[in-house]
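In what follows, a structure is listed as structure tokens, so that the remarks can point back to it.
The values are calculated or read from the model by the stated rules, or taken from the named source; none is laboratory data. From a predicted model like this one, the values you see are computed outputs, not experimental measurements. Quick reminder, even Gly has a Cβ in these numbers, built from the backbone with ideal geometry, and neighbours come from all protein chains shown.
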Amino acid sequence: MSSIKHFLIPGRQGRISCTVSGVIKCRGFHCSSVSYVQAKKYIFARRFVGFPKLEDIQLVEEQLPEIKEGEILCEAVYLSVDPYMRPYSENWKLGCTMVGGQVAKVIQSKNERFPLGTLLSAYFGWRTHTIVNPDTRTTDFMGKLTILPDLGDLSPSIGLGAIGLTGNSAYFGFLEICQPKPNDVVVVSGAAGAVGSIVGQIAKIKGCSVIGFAGTDDKVKWLVEDLGFDYAFNYKTANLKQSLKEAAPDGVDCYFDNVGGKISSIVRSHMKLYGRVSVCGAISAYNATSPTLAPSIEPILVFKQLRMEGFLVQRWVDRHEEGANQMLQWIKEVSCSD
């Protein structure tokens, strides 16, 4: 079936409690001023060493002013926690608001394009409330405001998942770089994660045979029984080489790599001539405190004539709507069939 089923599980979105002080009176399109808004935000207090710790971030309060003409006040509905935050944090300044996406609701507006109740996705960071002027905000990847389409009964959280950065990473990173063809054998590492689980479903839509690697038996079961993967293996307990021989005796055509490290070395060695590798991430090394040693990849690339390419999803920022619309169509198709 041409559909995306489990679009809410990836992404690790969570609700955040919000406190608004003062009284808000809404009159038609605009919202009258309030005495003040007491926002909460998480700041980047200490650089991560190894796995992130509670002491590395700090919750603080911030009093916001009244909004001006052209501005809107947004209240966070969902925040996203994504693996990219770990390596990106190396360049953050201490004391900055934790970077991240959110789905937010407009609760005050002095901008005709953003009436009260508008749901949007934006990179406001980990904060409860944000004042922004959409007309003067930059339109680059981090500054872009995206009004969510009509989602019907679907959760707005998919604005951070399947129709947001997660979905577009899977959609463009897989289709543009791997260029799958019907009957191709596709391997996905980190297959039960936010991006990997969607890549596997897109591959099935495109008529591919899909093999996933994940870190628990429950995830393996979910990939096969719920998402329709042809094979899935627990990389912590399975013999990786033997698993690939069993699931792909003739080799692998496409590899979508979220993990890097040992798994990726083994998968690349099992690929067919002219195979395509899309590198989305390297989760296995994100929390490492010393350099990770891995076999040289050049011989495999040369003798198997592989094409291996990394990407950042902002490469396709001008095509965001294309990816989001296709993902939403697939999601609605399975919602109607359930």
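Restricting to the stretch 208-240, give me the number of residues that are of a type in the set (Asp, Glu) and crowded, with 18+ Cβ neighbours inside 10 Å.
Narrowing the stretch 208-240 to residues of a type in the set (Asp, Glu): 217-218, 225-226, 230.
Of the ones still in play, those that are also crowded, with 18+ Cβ neighbours inside 10 Å are 230.
Residues that pass the stated criteria total 1.
Looking at the structure I just gave you, is Gly193 under 26 Å from Arg315 (Cβ atoms) and surrounded by fewer than 20 Cβ atoms within 10 Å (Cβ to Cβ)? So that I can check it myself, show each step before the final result.
On the way: under 26 Å from Arg315 (Cβ atoms): yes; surrounded by fewer than 20 Cβ atoms within 10 Å (Cβ to Cβ): no.
No: the conditions fail for Gly193.
Among (1) part of a loop (DSSP other than H, G, I, E, B); (2) within 21 Å of Gln201 (Cβ to Cβ), where does Gly173 come up short?
Single failed check for Gly173: (1).
Looking at Ala192, Ala162, which one is within 30 Å of Thr216 (Cβ to Cβ), in contact with a helix residue (DSSP H, G or I) (Cβ under 9 Å, 6 or more places away or on another chain), in a loop (DSSP other than H, G, I, E, B) and in contact (Cβ under 8 Å) with a residue 60 or more places away in the chain?
The unique qualifying residue is Ala162.
Pairs needed: first member in the stretch 74-97, aromatic (Phe, Trp, Tyr); second member anywhere, modelled with pLDDT of 90 or more and buried (at least 17 other Cβ atoms within 10 Å of the Cβ); C-beta distance under 6 Å; at least 6 residues apart or different chains.
Here the result reads Tyr78/Val103; Tyr78/Ser157; Tyr78/Leu160; Trp92/Phe44, each pair linking the stretch 74-97 to a residue that is modelled with pLDDT of 90 or more and buried (at least 17 other Cβ atoms within 10 Å of the Cβ).
Quick one: in the stretch 82-94, which of the residues that are out of contact with any strand residue (DSSP E or B) (no Cβ under 8 Å at 6 or more places or on another chain) and hydroxyl-bearing (Ser, Thr, Tyr) is surrounded by the most Cβ atoms within 10 Å (Cβ to Cβ)?
The initial filter retains those residues of the stretch 82-94 that are out of contact with any strand residue (DSSP E or B) (no Cβ under 8 Å at 6 or more places or on another chain), namely 82-88, 90-91.
Keeping just the survivors that are hydroxyl-bearing (Ser, Thr, Tyr) gives 84, 88.
Working: Tyr84: 17, Tyr88: 11.
Top of the filtered list is Tyr84.
Can Tyr84 be described as modelled with pLDDT of 95 or more and within 15 Å of the chain's Cα centre (by Cα)? Step through it out loud before you land on a result.
On the way: modelled with pLDDT of 95 or more: no; within 15 Å of the chain's Cα centre (by Cα): yes.
Considered against the rule, which asks whether it is modelled with pLDDT of 95 or more and within 15 Å of the chain's Cα centre (by Cα), Tyr84 comes out as no.
Restricting to the stretch 205-215, give me the number of residues that are in contact (Cβ under 8 Å) with a residue 24 or more places away in the chain and over 19 Å from Pro249 (Cα atoms). Talk me through it step by step, then tell me what you get.
Just the residues of the stretch 205-215 that are in contact (Cβ under 8 Å) with a residue 24 or more places away in the chain, to begin with: 205-214.
Still in the running and over 19 Å from Pro249 (Cα atoms): 205-206, 214.
Number of matching residues: 3.
Could you list, in sequence order, all residues of the stretch 124-142 that are hydroxyl-bearing (Ser, Thr, Tyr) and touching a Gly at 6+ places or on another chain (Cβ under 9 Å)?
First, pick out the residues of the stretch 124-142 that are hydroxyl-bearing (Ser, Thr, Tyr): 128, 130, 136, 138-139.
Selection gives Thr136 alone.
Only one of (1) loosely packed, with under 15 Cβ neighbours inside 10 Å; (2) under 30 Å from Ser89 (Cα atoms); (3) modelled with pLDDT under 95 fails for Glu309. Which number is that?
Among (1) loosely packed, with under 15 Cβ neighbours inside 10 Å; (2) under 30 Å from Ser89 (Cα atoms); (3) modelled with pLDDT under 95, the lone unmet condition for Glu309 is (3).
Counting just the residues of the stretch 65-81 that are more than 24 Å from the chain's Cα centre (by Cα) and surrounded by fewer than 18 Cβ atoms within 10 Å (Cβ to Cβ), which one comes out farthest from Ala288 (Cα to Cα)? Can you show your working first?
Of the residues in the stretch 65-81, the ones more than 24 Å from the chain's Cα centre (by Cα) are 65-73.
Adding the requirement that they be surrounded by fewer than 18 Cβ atoms within 10 Å (Cβ to Cβ) leaves 65-66, 68-70.
Details: Pro65: 42, Glu66: 44, Lys68: 46, Glu69: 48, Gly70: 45 Å.
The residue in question is Glu69.
Only residues that are among the aliphatic types (A, V, I, L, M) and touching a Leu at 6+ places or on another chain (Cβ under 9 Å): list them for the stretch 73-97, please.
Filtering the stretch 73-97 for residues among the aliphatic types (A, V, I, L, M) gives 73, 76-77, 79, 81, 85, 94.
The answer is Leu73, Val77, Leu79.
What residue, among those in the stretch 246-274 that are crowded, with 23+ Cβ neighbours inside 10 Å and aliphatic (A, V, I, L, M), is modelled with the lowest pLDDT?
Val259
Here is a list of conditions, (1) in a strand (DSSP E or B); (2) closer than 19 Å to Ser157 by Cα; (3) among the β-branched types (Val, Ile, Thr), and Ile131 meets all of them except one; can you say which number that is?
(2) is the only condition that Ile131 fails.
Sort through Ser155, Ser121 and tell me the only one that's under 20 Å from Ile198 (Cα atoms), surrounded by fewer than 18 Cβ atoms within 10 Å (Cβ to Cβ) and either under 15 Å from the mean Cα position of the chain (by Cα) or touching a residue at least 60 places away in the same chain (Cβ under 8 Å) (or both).
Values: Ser121 fails: surrounded by fewer than 18 Cβ atoms within 10 Å (Cβ to Cβ).
Being under 20 Å from Ile198 (Cα atoms), surrounded by fewer than 18 Cβ atoms within 10 Å (Cβ to Cβ) and either under 15 Å from the mean Cα position of the chain (by Cα) or touching a residue at least 60 places away in the same chain (Cβ under 8 Å) (or both) holds for just one of Ser155, Ser121, which is Ser155.
Yes or no: the stretch 23-45 includes at least one residue that is outside any strand (DSSP E or B), surrounded by fewer than 18 Cβ atoms within 10 Å (Cβ to Cβ) and at pLDDT 85 or above.
Within the stretch 23-45, one or more residues are outside any strand (DSSP E or B), surrounded by fewer than 18 Cβ atoms within 10 Å (Cβ to Cβ) and at pLDDT 85 or above.
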